[in-house]
1. Give the residue, chosen from VAL212, VAL193, VAL159, VAL153, that is open to solvent by 30 Å² or more (accessible area, probe 1.4 Å), assigned to a helix (DSSP H, G or I) and not hydroxyl-bearing (Ser, Thr, Tyr).
2. Looking only at region 64-80, filter to residues that are open to solvent by 30 Å² or more (accessible area, probe 1.4 Å) and of a type in the set (A, V, I, L, M, F, W, C); which one of those is modelled with the highest pLDDT?
3. Given the residues MET138, MET83, which is the only one that is open to solvent by 20 Å² or more (accessible area, probe 1.4 Å) and modelled with pLDDT of 85 or more?
4. Please count how many residues of region 124-135 are assigned to a helix (DSSP H, G or I), of a type outside the set (Ser, Thr, Tyr) and surrounded by 12 or more Cβ atoms within 10 Å (Cβ to Cβ).
5. Only one of these conditions is not met by ILE174: (1) at pLDDT 80 or above; (2) assigned to a loop (DSSP other than H, G, I, E, B). Which number is it?
6. Which ones in region 89-123 are over 21 Å from VAL159 (Cα atoms) and either among the β-branched types (Val, Ile, Thr) or crowded, with 20+ Cβ neighbours inside 10 Å (or both)?
7. Which condition does GLY232 not pass, out of (1) modelled with pLDDT of 80 or more; (2) touching a Lys or Arg at 6+ places or on another chain (Cβ under 9 Å), if it passes all the others?
8. Can you find, within region 27-63, the residue that is least open to solvent (accessible area, probe 1.4 Å) among those that are in contact (Cβ under 8 Å) with a residue 24 or more places away in the chain and closer than 21 Å to PRO210 by Cβ?
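The values are calculated or read from the model by the stated rules, or taken from the named source; none is laboratory data. From a predicted model like this one, the values you see are computed outputs, not experimental measurements. Heads up, the Cβs are rebuilt from the backbone with ideal geometry, glycines too, and the neighbour counts pull from every protein chain shown. Note: areas computed on protein heavy atoms with side chains; ligands, DNA, RNA excluded. Shrake-Rupley method; radii C 1.70, N 1.55, O 1.52, S 1.80 Å.
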Amino acid sequence: MMNRKTAGVLAKTIARTMGTRFWSSLKDLLPIILVIAFFQGVVLQQPLPDVWGVLEGSLLVVLGLTLFIQGLEMGLFPIGEQMAHALARKGSLTWLLIFAFSLGFATTIAEPSLIAVSEEAARVASRGGLIKAGEEAMAQYGMGLRLSVAFSVGASILVGVLRILKGWPVHNLIIGGYVLVMVMTIFAPEEIVGIAYDAGGVTTSTVTVPLVAALGVGLASIIKGRNPLVDGFGLIAFASLLPMIAVIGYGLVIFGAQ
């Protein structure tokens, strides 16, 4: 068991680290606070409703962001890099690709932003008569969107890992992907296009980005001839691109071509 002196030093170190991180998070959020205050006080010329509630909520946001970033640095980033190193040293391409796909799928299916967008898309589609009314139909439609995006992100991370291993130019893959998106958009039903474009953004959020970025950097760091700055990044771009293709394809299956 640690003695009082060691415990005191540890507590001071934690408090100093969290204090520094809290101040950093506050500075990051300060522009948002200033914009809201300016428009509320100068443009609208109205007092904030429930000032204490707003202050309490703002404090919780800063505290939550502080803990989230600290958790990323302590847990998710290291484990992503360590697993990439371990799998690369193991020398099994099959397991590395399975891990890449599984990581992309699992992080996306749990992504809060994607869940929120899928649920909202299902409600709007139900109200617009595009799908059957009822909770079951909305749940099936929303889950279909989530699975389409999750599978596509898994596939995108797999392709991104292959790119790092093979040294393929990232811009060729990205340009080709966006050309395909534009062609598919011509034939896609209008009801799915906006959702598909948004799906590319919501997938790369709080859960997915840290682990995927750590995987790419860790893999590029250990493979001979690869530069982490050049080859380690780009996975997030694939994770944004392929969901658009997948959701447009899902829309073509559900609603048919225009």
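1. VAL159
2. Across region 64-80, the extreme among qualifying residues is LEU67.
3. It is MET138.
4. Here the count works out to 2.
5. Failed condition: (2).
6. Passing the criteria: LEU114, ILE115, VAL117, SER118, ALA121, ALA122.
7. (1)
8. Only one residue tops the list, namely VAL62.
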